[in-house]
Amino acid sequence: MDLSDWIDRHAAFAPEKVALVCAGRRHTYADFARAILRTTAALAACGTGRGDRVAHLGYNGVEQLCLLFACARLGAVFAPLSWRLAPAEHRAMLADCRPRVLVVADPFVEPTAGILDPVAAAVRVALGAARDGWLSYDRFQECGESPPPRVADTRYASPVLLCYTSGSTGAPKGVVLTQNALFHNAINSMHMHDFVSSDVVLTTLPLFHVGGLNIQTLPALHCGATVVLHPRFDPSQAIDALLHDGITLTVLVPAQLELLAREERWRTADLSRLRAITTGSTIICEAFVRRNLQRDVPLLQVYGATETCPIAAYQRIDDAALHPGSVGKPALHCDLRIVDEAGRDVPAGATGEILVRGPNVMDGYWNKPLDTAAALDTGWYHTGDVAHADADGYLYVDGRCRDVIISGGENIYPAEIENALADCAEIAEVAVVGRPDDRWGEAVVAVVVPARGAQISREKLSALLVGRVARFKHPRDVVFAESLPRTALGKVKREELKRMARREPVTGQA
């Protein structure tokens, strides 16, 4: 049995049920099952077998999901690449995973062709017209006359997904996830969201990331629900979908929620069918949650990483309003610990590193055995995130171990200061980092994006913190910026922030 059985079984039970809506087309589960078989046959005709990689570079589309399920059927590994990256970054990833088949959308074919060496991919497929050295996708789909027999030893234990991390803390690494990890992640999501087959999910996050692929999209297909898939996020189109497509669940990262909040229609849109909005990808403060609860739609926080597929902890609908600053409790099929530097469990209220264990956790990093051994030491995934839990077991993420600022011998976690400033009307965005300091070791620096027309000084910033955080945690300097440097999913790029704090030139902040 493999993941493609999900679609086959739903096609048997409810062949006319709509599985996917994308680019104006509706695909029933029967349509989807047939498309997966065609893709399986095409990949097999290109020589794809057990353990081979199939890479994709392009916007969200049905073909990505067909490639994933076809890889599951063949025992191959699907490697979705971020279209937001530069060709040089793609070159490094392709050299690392060496795909048997590379499928690239039209806008990216020319830059990709310029970075490929002759053996970078045995078969190159363009989503659109054929090019020199590239098959058209339609021609590729005609390569196989019939799907091959299932690979006898393909099971849930087989690797199926190779996702490269965002690289916000260093060079991207390829995270290997098995079919079993995706299955248990789907079960975790179903428990988190109370998924049923009548749900309609809006996916606007990119499928090259586990957030877009695994938080709701694959879980929805596992339970026979419908996915409305947008190629890219557009606030106006997202509102249209929420109004007219019967959306009941969606995932929106904070940056998307902020863009929606600027839309006039968002303030009055009828969201009565929307059961919940799930959010995550970065530390989210209580003020942000309360501001976005004003539409009376539960805002559920999810915690995890690419290495955890990503669902490791979450809120359920009843938790959203009662615990607005928390990321919830450990997932149904997941164990979490909070430990000190000696690896001992810390008591409630104390801060420590989050460790995760469960069937949803990665097999390891592609071609990086030493990194794998370090990350999965003692059988637990070491997240590098620091958190505390309250007496009722609700988890609160405080920051990353590597983000800690040590000033005068005291540990200072940026999130504590950022959260304290988040509800200031004069601040649009703020992030806190450390800057080398001869006297203190590191000095706390706030990088501030002022609200339109607002002016704020270091003295005023410190005044806002009086009585809320200790004096030694107050910023010793303030750097003003037009925006914070972020990754594709809205995570702040800490290394670029540190350069800003040192008042060094920073490029590519958009």
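Coordinate-derived values only; no laboratory data. Every value quoted in this text rests on a predicted model; they were computed, and no experiment measured them. Cβ coordinates were reconstructed from backbone atoms using ideal geometry, including for glycine residues, and neighbour counts include every protein chain displayed.
This model, with +1 at the C-beta of Lys and Arg and -1 at the C-beta of Asp and Glu, gives the chain a dipole about its Cα centre of some 500 debye.
Dividing the C-alpha radius of gyration of segment 402-471 by 2.2 N^0.38 Å, with N its residue count, gives 1.11.
How would segment 297-398 be classified by its alpha-carbon gyration tensor: rounded, prolate or oblate, with rounded meaning a/c under 1.5 and the a/b versus b/c comparison settling the rest? It comes out oblate by the Cα gyration axes. Across the options His56, Tyr29, Leu43, the greatest Cα extent toward the positive end of the charge dipole of segment 4-155 (unit charges at beta carbon of Lys, Arg, Asp, Glu) belongs to Tyr29. The ranking of Arg232, Arg9, Arg275 from fewest to most other beta carbons within 10 Å of each one's beta carbon is Arg232, Arg9, Arg275. For the pair Ala451 and Arg471, a Förster radius of 22 Å applied to the C-beta separation gives a FRET efficiency near 0.30, rounded to the nearest 0.05. You can think of it this way: the chain between Gln237 and Asp437 has 67.2 nm of extra reach, that is 0.36 nm per residue less the Cα-Cα gap.
Taken one residue at a time, the phi angles of segment 455-461 give Karplus couplings (6.51, -1.76, 1.60, θ = phi - 60°) of 10, 9, 10, 4, 4, 5, 4 Hz. Gly and Pro are set to x.
In the chain, the longest principal axis of the Cα atoms and the axis of helix 179-193 are about 60 degrees apart. Mind giving me the FRET efficiency for Ala269 and Asp377? R0 is 51 Å, r the Cβ-Cβ distance, nearest 0.05 is fine. Using R0 = 51 Å, I get an efficiency of 0.60.
For the pair segment 227-271 / segment 1-67, the C-alpha centres are spaced 26 Å from each other.
The ranking of Ser82, Ser272 from fewest to most other beta carbons within 10 Å of each one's beta carbon is Ser272, Ser82.
By the Stokes-Einstein formula, at 1.306 mPa s and 10 °C, segment 180-401 with its Kirkwood radius over alpha-carbon pairs has D equal to 89 µm²/s.
Charge tally around Cys46: other residues with Cβ under 11 Å, Lys/Arg +1 each, Asp/Glu -1 each, net +1. For the chain, the relative contact order works out to 11 percent when only alpha carbon pairs closer than 8 Å and six or more residues apart are counted.
When the charge dipole of segment 416-471 is built from unit charges on Cβ atoms (+1 for Lys and Arg, -1 for Asp and Glu) and taken about the Cα centre, the candidate among Val430, Ala463, Ala420 whose Cα reaches farthest toward its positive end is Ala463.
Structure note, pairs Lys368/Lys498; Lys460/Lys498; Lys329/Lys473; Lys473/Lys493; Lys173/Lys491; Lys17/Lys491: Cα-Cα distances above 26 angstrom occur for Lys368/Lys498; Lys329/Lys473; Lys17/Lys491.
For segment 22-101, the pair-distance distribution built from all alpha carbon pairs, in bins 10 Å wide starting at 0, is 19, 45, 30, 6 percent.
Between 0 and 90 degrees, the angle of helix 62-74 with respect to the longest Cα principal axis of the chain falls at about 70 degrees.
When +1 charges are put on Lys and Arg Cβ atoms and -1 charges on Asp and Glu Cβ atoms, the dipole computed for segment 404-501 relative to its Cα centre reaches about 60 debye. Taking all Cα pairs closer than 8 Å and separated by 6 or more residues, the relative contact order of segment 363-510 comes to 17 percent.
Other residues with beta-carbon under 13 Å from the beta-carbon of Leu465 carry, at +1 per Lys or Arg and -1 per Asp or Glu, a net charge of +2. Amide hydrogen proximity for Ala321: with H placed 1.01 Å from N in the peptide plane, no residue at 5 or more positions away or on another chain lies under 5 Å. Over all Cα atoms in the chain, the spread is summed up by Rg and Dmax: 23.1, 72 Å. Remark: Val445, Val62 ranked as Val62, Val445, counting other beta-carbon atoms within 10 Å and listing the fewest first.
You can think of it this way: the chain between Ser198 and Ala463 has 90.3 nm of extra reach, that is 0.36 nm per residue less the Cα-Cα gap.
In percent, rounded to a whole number, the relative contact order of segment 314-374 is 25, using alpha-carbon pairs under 8 Å and six or more apart. Counting charges near Asp96 (Lys, Arg +1; Asp, Glu -1) among other residues having Cβ under 12 Å from its Cβ returns a value of +4. Relative to the longest principal axis of the Cα atoms of the chain, the long axis of helix 235-244 lies at roughly 60 degrees. In the distance distribution for segment 4-155, Cα-Cα pairs more than 19 Å apart total 52 percent.
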